[in-house]
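Just so it is clear, none of the values below were taken in a lab; they were calculated from the coordinates. What you see is a predicted model, and the numbers here were worked out from it, not measured in a lab. So basically every Cβ, Gly included, is an ideal-geometry build from the backbone, and we count neighbours across all protein chains shown.
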Amino acid sequence: MLIRLNDLLTKALLVLAALLAFALSFLVVADVLGRDIWLKPVKGTKEMVEISIVIICFLQASHAVRSGSMIRVDVILELCPKALRRLLMVIGYLAGAGFFALIAWGSVDGAIHAWVSNEFEGEGALRIPVWPARFVIVFSSSLVALQYLIAALSVFEILGLRDEAGEAPHV
């Protein structure tokens, strides 16, 4: 039940990131056309792109881990015996969980500060609030850490995760 909810959440965040990237592409095209044709760029495009890119990357990270799309060196793993391969995978997954947990923990104060101080990016006509991106970093990093912990447990088939062929998923 929790695994399915987790999968649903990671896929929903992936779709949200894709929709944001799609909308951002229209903004960039409008800015370029406005700049070249009417000599009037869309105000705040730079700031919106800067913040949106961070949000898009972090929203996609949990799905990347869940689907097994994060970078790893398969060549070394394939040369190892099965027991050592499992150990190395667990160490790698736990390192990933620790890394993203530290990102989440280290970002909480910045997110709260951005909210309380009403921090903005940009000057003049359009100012973009920074707090949504900061909270997305905290939330998504926490979710990625959870994905890595689930992956570490699935190596030893503790969660009973199996695909249609009866094998543990390649997370």
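Below, the figures for the structure above:
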item	result
Three-way shape label, the chain, alpha-carbon gyration tensor, a/c 1.5	prolate
Segment Leu27-Val75, length gained on full extension (0.36 nm per residue, minus Cα span)	13.1 nm
Given 16 as the ceiling on other Cβ atoms within 10 Å, longest exposed-site-free region of the chain for GluC sites (Glu not before Pro) in DSSP loops	1-118
13 Å beta-carbon shell around Ala12, net charge (K/R +1, D/E -1)	+2
Loop sites in segment 1-56: trypsin sites (Lys or Arg not before Pro), DSSP, at most 16 other Cβ within 10 Å	Lys43
R0 of 30 Å, Cβ-Cβ distance Lys40-Leu16: FRET efficiency to nearest 0.05	0.50
Label point distance in nm, Ile112-Ala64, each placed 7 Å from Cα along Cα→Cβ	2.8
Net lengthening on full extension, Arg4/Ile53 (0.36 nm per residue, minus Cα-Cα)	14.9 nm
